[in-house]
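Here the structure is laid out as structure tokens; the discussion comes afterwards.
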Amino acid sequence: MAKEEVLRKQALELYLQGKKEVVIARELGLTRQWVHKWVKRYETQGDDWYCSRSHAPHNRRSTPTGLEAQVIETRQILFQSPYLESGAYAIWHRMKEQGIVPPSVATINRILRKHGMTRKKVKYQKSGVEYLELPMNTQLMDLIGPRYLRGGKRYYLLTIISNDTRHAGVYPIPSKSGYNITQSVISFWKSYSVPDFLQMDNELSFKGSNRHPRGLGMLLRTALELDVTPIFIPVREPWRNGVVERFNQLVERTLLLQKHKDFDELIDHSREFMEQHNKHHTYSTMQHKTPLELDEDIFPLTPLREDYILKERPELDSIHLNEIHFIRLVRSDLKISVLNTEICVDASLMYTYVEVILLINEHVLLIKQDNRVVQRFEFLMPLS
């Protein structure tokens, strides 16, 4: 028997002995109202008067059958679309767009659970090591692939997304050549906006080549020419590009589940996907707004001029912006890698993240922590 139920019985025994409720309350260290409640319960109810009752409402309001059916129907329509999400927030927005007063998101989730239409989410566990915050007006970039069309033709997808608005682009490319990657990025900047920073992982195609490890490739030269600062995330830590990685998952379970008869049709489907995503997809972390709605709220867009012609090899010594940023985790060996070059840093930086800034024209590598330069190295670079 629970302790609470024992107290209720003790209170009743004292009451039956003729003691007043206020005295019983004082002896047991309880309130007079509590004693009165259980005495009344004894007088008006049966033998189980001392047992606890459920506090849940007996007449719980149920969702009208018709509204529940509309939720399920909307879910099925969204689920069948090759480009759209079909979770509770997406259902809520779609019903509202159709002029239907939707139930709450919590109620939609309850309906989905009832009909076995939910996915289990993996809880994110934050690392204990301090990481650098991304600056405003940053775009994140990644590659998906290789994938194969019917008949074995190989392709990749270049994905790029604004960290501030989630406005995104998806570009099928036949190979990971510097030209294909850079051309896709330029297409996004012409149709959307040129950022201040472009963050990416350490994919060789983004940097240049192993043959000339310190010789910058077409993407980096073009970004610098357009005053965009490249940022490389830590090696083997793809979650540091989490926004574009989650976007890639959306691409995988929508666009890439479609059948594409050839490369041209894949391009058409990618354009349709981009339009649907930027117009309709909402993010809970962005006040449940679509990318197009957020584009109007954040800051003025600066599209690249349409007549911009991609150069094969912009000269670095004529470029005003000459910085490339690398974020690196310093492990126990105190070595970090920058453009295939190992640098040994100070022991005080062990097990911390540092920001490495390459000043190209000065041939200098700066090691920064908390916006303070802690080390400086010579780093010779070919400028032609």
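Computed from the coordinates by the stated procedures, all read-outs in this text should not be read as laboratory data. Quantities reported herein were computed from a predicted structural model and do not represent experimental measurements. We place every Cβ from the backbone using ideal geometry, glycine too, and count neighbours over all the protein chains shown.
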From the phi angles alone, apply the Karplus equation (6.51, -1.76, 1.60; θ = phi - 60°) to the stretch 257-263 and give each ³J(HN,Hα) in whole Hz, x where the residue is Gly or Pro. 8, 6, 9, 10, 6, 7, 5
Looking at the stretch 199-249 from every direction and averaging, what is the projected area of its Cα convex hull in nm²? 4.0
Step through the residues of the stretch 265-281 one at a time and calculate ³J(HN,Hα) from phi using the Karplus curve (6.51 cos²θ - 1.76 cosθ + 1.60, θ = phi - 60°), rounding each to whole Hz and writing x for Gly and Pro. 5, 4, 4, 4, 5, 5, 5, 4, 4, 4, 5, 5, 4, 5, 8, 10, 6
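With the cut-off at 28 Å, tell me which of the pairs K176/K311; K311/K335; K114/K261; K40/K114; K207/K368; K3/K40 have Cα atoms farther apart than that.
Details: K176/K311 18 Å; K311/K335 35 Å; K114/K261 38 Å; K40/K114 40 Å; K207/K368 21 Å; K3/K40 20 Å.
Violating the 28 Å Cα-Cα cut-off are K311/K335; K114/K261; K40/K114.
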Please tell me the relative contact order of the chain in percent, rounded to the nearest whole number, where contacts are Cα pairs under 8 Å and at least six residues apart. 13
Grab the beta carbon distance between R236 and I72, set R0 = 35 Å, and tell me the FRET efficiency rounded to 0.05. 0.25
Other residues with Cβ under 9 Å from the Cβ of P314 give, with Lys and Arg +1 and Asp and Glu -1, a net charge of 0
Base-10 log of normalised Debye intensity for the chain (one unit scatterer per alpha-carbon) at q = 0.08, 0.09, 0.14 Å⁻¹: -0.60, -0.69, -1.23
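Add +1 for every Lys or Arg and -1 for every Asp or Glu among the other residues with Cβ under 9 Å from the Cβ of I357, and state the total. Display every interim value, and only then the final one.
Values: positive: K368; negative: E323, E355.
Charge balance near I357 sits at -1.
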Can you return the aspartates and glutamates within cross-link range of K190? Criterion is Cα-Cα under 17 Å, with same-chain partners fewer than 8 residues away left out. E225, D227, E275, D295, E306, D307
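Within 10 Å, count the other beta carbons around each residue, average over each peptide in 336-343, 304-311, and list them highest first.
Numbers: 336-343: 16.1, 304-311: 10.6.
In decreasing order of mean packing, 336-343, 304-311 become 336-343, 304-311.
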State the Cα centre-to-centre distance between the stretch 172-191 and the stretch 367-384 in whole Å. 29
Treat each spin label as a single point 7 Å out from the Cα along the C-beta direction, and report the E342 to V105 distance in nm. 4.8
Whole-Hz couplings from phi, Karplus 6.51/-1.76/1.60, listed for the stretch 324-329; x for Gly and Pro: 10, 10, 10, 9, 9, 8
Kindly rank 230-243, 248-261 from highest to lowest mean number of other beta carbons found within 10 Å of each residue. 230-243, 248-261
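From the P(r) of the stretch 182-325, could you give the percentage of C-alpha pairs in the tail past 25 Å? All intermediate terms of the calculation are to be shown ahead of the outcome.
Numbers: 4053 of 10296 pairs.
Percentage above 25 Å: 39.
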For the chain, calculated [θ]222 nm from helices alone, where every DSSP H run of n ≥ 4 adds -39500 (n - 2.57): -10500 deg cm²/dmol
May I ask for the Rg/Rh ratio of the stretch 292-384, computed from Cα atoms with Rh as the Kirkwood radius, given to two decimals? 1.11
